[in-house]
Amino acid sequence: MKSAVETLNPTRVRLTVEVPFEELKDSLDAAYKKINQQVTVKGFRKGKIPARVIDQRFGRGAVLEEAVNDALPKFYTAAVNEADLNPLGQPEVDITELKDGETLNFTAEVDVRPTIEIPDYSGIEVEVDAIEVSDEDVEKSVEQLRSRFASTNVVERAAQDGDVVSVDLEAKVDGEVLPDGVASDVSYTIGSGELLDGIDEAVKGLEAGGEATFTSQLKGGSAAGKDAEVTVKVTKVSARELPALDDEFAQLASEFDTLEELKADSRKRLENMKQYDQATQAQERVLEKFIELAEIPVPEKLLEDEINTRKHNLEHHQLGQMGLSLEKYLEFQGKTVEEFEAETREQAVKGIKTQFLLDELVNKEKLNVNQEELTEHLMRRAASSGMSPDQFAQAVVEGGQVPMLVGEVARGKALALVVESAKVVDTNGEVVDLSDEDEEQAPEAAEAAAEGDAETPADEAK
């Protein structure tokens, strides 16, 4: 076999392959054997039909076609390995010449990973939000905890903001009650915004036994996106009573003895959360600068496949679970189709460039992933997916995703290298030290940029 490579552009090549006919012998033998098992010829036992009889009865062309179909993947792979290519996706193969007993010539065009020059990233500088926790933030956090320990007591008065009401609901579209538009004894906190738009105004001022009708656009169910006439009947009004904000509450709601200790712990927790957010922000902004410094061509076919995958995941997984069409989703988001298309394309380009660049850095720096790093990453991914580590690990193995997770960790380590070299300052002008955050958060930051909203098979397995 002889092969040659022609570079069509930085991300696509054409392989020209010439195969002497004698190298097709194994595939020809396999073709005769396969046809032997599929056909019956009177006077011959099944599987024992001579090759010349198969040629006479079914045509030499059928044998050659079967042999070529068997041989092409092998010779294509051999040509790829010989040229040391890193192909992306399936090739477009064209048989240019097939002469029985003489030769098989074909071409194969395929996208390949571009050669990327890693830019000097030592001078990257980014600014991030400062870590600031106000007294108001602490008070809000404590109030949220306090509300979890609130009690409710039935009251004989009109419903008002903050009350918990029990309601019966009936939704009609075009005068017809929806099959899934009736619900009884639904508990709702007025002002929470957890049910239908317009329900707060409808129930406020109603006592038990009172009812009202309002119009609301349905967000899910059989009539998602349509305007419905909703009748709501209040069956019970309960007032929420918050516990006194004192040392006794601190002992009830936490492991602390005093309210001041509880507030100090809340402040520390908020600082840790903001520190985590700050590190994520730094990694995202450093990565953006890193990508800007590099020349990264994107294969058009790979880009179109990525765009289609993102659209499919959004429409059939995320929106499908909510009962929303893409049109209604865009309406809720206030976006046009053109804006959505442009945004999806931009995210796909960024994702491909991120993966190409960080993978190149992984290879250049010879970054390896050990079992402990992989296990830690798997545990974090399991927690974020809502699955147990065992369930997530099983889904990963069954889906053949172990190499994907290894790649995530490796790219995270590559991103951590870049972030460590960058100068990060906050909005107060203070230098930010991210040494304790890089390794843990970088895989997630890198993969978020590479994948956007795309789901993995493990996500779908939930």
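Structure above, values below:
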read-out: Residue in the stretch 429-440 that is over 20 Å from residue 291 (Cα atoms) and part of a helix (DSSP H, G or I) present; value: yes
read-out: Among the candidates 138, 133, residue that is in contact with a helix residue (DSSP H, G or I) (Cβ under 7 Å, 6 or more places away or on another chain), under 30 Å from residue 254 (Cα atoms) and assigned to a loop (DSSP other than H, G, I, E, B); value: 133
read-out: Residue in the stretch 235-254 that is assigned to a helix (DSSP H, G or I), crowded, with 18+ Cβ neighbours inside 10 Å, more than 37 Å from the chain's Cα centre (by Cα) and not polar (S, T, N, Q) present; value: yes
read-out: Qualifying helices (runs of 4 or more DSSP H) (wholly inside the stretch 260-378; at least 2 residues being assigned by TED's automatic domain parsing to the domain that holds residue 90 and surrounded by 18 or more Cβ atoms within 10 Å (Cβ to Cβ)); value: none
read-out: Complete set of residues in the stretch 381-411 that are loosely packed, with under 14 Cβ neighbours inside 10 Å and either closer than 28 Å to residue 286 by Cα or not assigned by TED's automatic domain parsing to the domain that holds residue 366 (or both); value: 383, 384, 402, 403
read-out: One residue from 227, 174, 161 being exposed (fewer than 13 other Cβ atoms within 10 Å of the Cβ) and without any contact (Cβ under 8 Å) to a residue 24 or more places away in the chain; value: 174
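Residue-by-condition table, conditions (1) over 30 Å from residue 329 (Cβ atoms); (2) touching a Leu at 6+ places or on another chain (Cβ under 8 Å):
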| site | (1), (2) |
| --- | --- |
| 147 | yes, yes |
| 160 | yes, no |
| 174 | no, no |
| 185 | yes, no |
| 199 | no, no |
| 202 | no, no |
| 215 | no, no |
| 224 | no, yes |
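The values are calculated or read from the model by the stated rules, or taken from the named source; none is laboratory data. Because the structure is predicted, anything quoted here is derived from the model rather than measured. Every residue, glycine as well, gets a Cβ built from its backbone with ideal geometry; the counts of neighbours run over all protein chains shown.
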